[in-house]
Structures are given as C-alpha cells and as structure tokens.
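Engineer: Here it is, the structure in full.
The values are calculated or read from the model by the stated rules, or taken from the named source; none is laboratory data. Quick caveat, the model's predicted, so the values are computed rather than measured. Counting neighbours? That spans all protein chains shown, and the Cβs are built from the backbone with ideal geometry, glycine included. Ligands, DNA and RNA are excluded from the accessible area calculation, which covers all protein heavy atoms including side chains. Shrake-Rupley method; radii C 1.70, N 1.55, O 1.52, S 1.80 Å.
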Amino acid sequence: MSEATIDSATGWWRTSIIDIHPGSIRVRGYAIEELIGTIGFPDMVWLMLRGELPTPAQGRLLGAALVAAVDHGPQAPSIATARMAATCGVGLNNAIASGINALGDVHGGAGQQCMELYAAVAARLADHVADGMSVAGAAESEIAARLERREHIPGFGHRFHPVDPRAGRLLALVDAARGEGAVTGEAAVIGRAVEDALAARKGRRLPMNIDGATAVVFAELGFPSGLGRGLFVLSRSVGIMAHAWEQSQQGGRIKGPMPPSIPYRYDGAPPRPVSGDGA
Ligand SMILES: CC(C)(COP(=O)(O)OP(=O)(O)OC[C@H]1O[C@@H](n2cnc3c(N)ncnc32)[C@H](O)[C@@H]1OP(=O)(O)O)[C@@H](O)C(=O)NCCC(=O)NCCS
C-alpha cells in the first residue's frame, strides 16, 4: 500500500480527544491512570469537552448543575418513558435511550435555546450600550419581541413549582463563584433580568426553571449553547437509568401511562357500520 493511501486512511478519523497505543491511553494528553482516582466525573466531562482540566471552582459548579437535573419524578416524560419501556421486555440500554429520546425543546432540552436567548440579550445590550441601554432594558425588548411572536420563553415556567428550588440554589452557587472570581456573573444578571421582564409582561411570575438555571451555569462556564442539551442529557441519564432499573426490579409488564382501570377520552366518530361497497 502506498504511503499516500496510508496517510489518507489514518486521516479518515481525526481526534484531539484521545490517543491510544498498546499499553497507553491518553485523554487530552493526560495518562488515564493519572486521571483515575485523581479527578472527579464533572472534571472528566470538562476535560473531554473543553480540552483542559477545570479549576476546582469550575468543576464544582459544573458538578452542581449535573446533580440538579438528574431526576424530576416518575411523571416527567423522560422518566415515565424509560419506566414504560422497561416493562416491555427491552434491555436497560433501550429503556435509557427511550427516555433520552423524550428530551426535546419543551422538556429538558430548553436549556440550549435558553443559552441562545441569554446570548441574544447580551448581543442586544452590546448593540445599544452606547444609547445607554441597561441589562433590564435589553431583556425587556428581547422578551417583548418574542412574546409578540407568541413564543414560549425557554427556561421559564413550570407546571408544578411556583418557584423551582433548583434554580435558586444554582444561582446562589453562581453568585458564590463570581465572588471567588471563577465566573463573571453576567449570565446570572441576564437570567434574572429575563425573569423580571417576563413577569412584567405576563402580569405574574413565570419562574426560572431547571433549564433556565443550568443555562446560566453553562453560559457562565463558557460552554457553547450547542452543548446545553447534551449536558442536560448527561445529567438526566442518571435518573433515567435509576428509574428504568428500579422498574425492571419491580417486575411490571407492559405498563402504560395510566392504570387500565382509568380510561382515556375518545372524541372521534360515533360507532358506525362499514358500508361494504368501499364508498
Ligand atoms: C414548562 C411549561 C411547558 C409549563 O407549562 P404550563 O405551566 O402548563 O404552561 P402552559 O404552556 O399551559 O401555559 C400557561 C400560560 O403560561 C404562559 N407561559 C408558560 N410558560 C411560558 C413561557 N416560558 N413563556 C411565555 N409564556 C409562558 C402560557 O403562554 C400560558 O399563558 P396564557 O394563560 O396567557 O395563555 C411551559 O412553561 C414552557 O413551555 N416553558 C418553556 C419551555 C421550558 O422551559 N421547558 C423546560 C421545563 S422544565
């Protein structure tokens, strides 16, 4: 085989993440045996995605966001889907994948859109800072424009929680990290301004939810918005796996979303005969 062919074949897959040789595994240049037992899992996530090890404060904050989004109970569609799948005779990996596939723009995946929203507010502010626009003003005009288009504001509102306990705690940790100089605090200011602007427009508070709060953390830590959903999936996968496993141990078979004794509502055509002439 010619050298040119070998060169083009070895260049087929390029990665700067990992280098493996017989007896040697290096992640981003670090020997795996030095990482094992030295760094925590959030630090490993950071190293894989960012190429460098985080500072202790960065690693703690990422870990906090990953802890926060792990689970929201068996009625959360991602968890319910995994539990239902686990009663259908599929393997644990299929049940986990089923749950993950329920995470979309409205459930769990809004964090990515919310990071884009915070970036849009920051861009609006940068464009109008010479005109004296404040963060509150930038948030108000961005929210007004989106509500006029009848959009839901990603990262805000919750079906169960008047105030999401996870959001307050995560923002408090961001504030503490800003105190240590680990983050700028700019995304937290924007997130709070968006919450206020939304409340003013709607006439009631739609609280920052887990996606809005993790979006603040991920933006503060410098993650691109394109990774927002992936990071949420990483976190929720732990809850999905625990529920799928618990369900498989409980031994239910073909469980639907409700006990069969509770009917659903049919709103279609009344009973009618098939005419038989194809008409
Ligand atoms: C999470 C969510 C589905 C909760 O739904 P809900 O409380 O049942 O709210 P509904 O979609 O039924 O809307 C109820 C009212 O609140 C408004 N509302 C709720 N969340 C809103 C949001 N994020 N932006 C704008 N309006 C919102 C609706 O427009 C509606 O207003 P109306 O009564 O004037 O028509 C909803 O808030 C949402 O879609 N949020 C954005 C996506 C998101 O962040 N998802 C992650 C959830 S953890």
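Engineer: What about Pro54, is it surrounded by 15 or more Cβ atoms within 10 Å (Cβ to Cβ) and in contact with an Asp or Glu (Cβ under 6 Å, 6 or more places away or on another chain)?
Structural biologist: The answer is yes for Pro54.
Engineer: Let me ask something else about it. Given the condition among the charged types (D, E, K, R) and over 17 Å from Leu61 (Cα atoms), answer yes or no: does some residue in region 203-213 qualify?
Structural biologist: Within region 203-213, one or more residues are among the charged types (D, E, K, R) and over 17 Å from Leu61 (Cα atoms).
Engineer: What about Ala138, is it touching a helix residue (DSSP H, G or I) at 6+ places or on another chain (Cβ under 9 Å), more than 8 Å from the ligand (Cβ to nearest atom), among the aliphatic types (A, V, I, L, M) and within 19 Å of Val216 (Cα to Cα)?
Structural biologist: On the way: touching a helix residue (DSSP H, G or I) at 6+ places or on another chain (Cβ under 9 Å): yes; more than 8 Å from the ligand (Cβ to nearest atom): yes; among the aliphatic types (A, V, I, L, M): yes; within 19 Å of Val216 (Cα to Cα): yes.
Yes; evaluated as a whole, the condition is true for this residue.
Engineer: Here's another thing I want to ask about it. When region 231-254 is examined, which residues are found to be open to solvent by 100 Å² or more (accessible area, probe 1.4 Å) and of a type in the set (Lys, Arg)?
Structural biologist: Within region 231-254, just Arg253 meets the criteria.
Engineer: Here is a follow-up. Where residues in region 14-42 are over 28 Å from the mean Cα position of the chain (by Cα) and in a loop (DSSP other than H, G, I, E, B), which of them is nearest to Pro56 (Cα to Cα)?
Structural biologist: Gly29
Engineer: Quick check on Leu206: is it touching a helix residue (DSSP H, G or I) at 6+ places or on another chain (Cβ under 8 Å) and farther than 17 Å from Ala119 by Cβ?
Structural biologist: yes
Engineer: Working only within region 142-189, note down all residues that are surrounded by fewer than 16 Cβ atoms within 10 Å (Cβ to Cβ), more than 17 Å from Gly212 (Cα to Cα) and small (Gly, Ala, Ser).
Structural biologist: If the condition is that a residue be surrounded by fewer than 16 Cβ atoms within 10 Å (Cβ to Cβ), more than 17 Å from Gly212 (Cα to Cα) and small (Gly, Ala, Ser), then Ala144, Ala145, Ala176, Gly179, Gly181 are the ones that fit.
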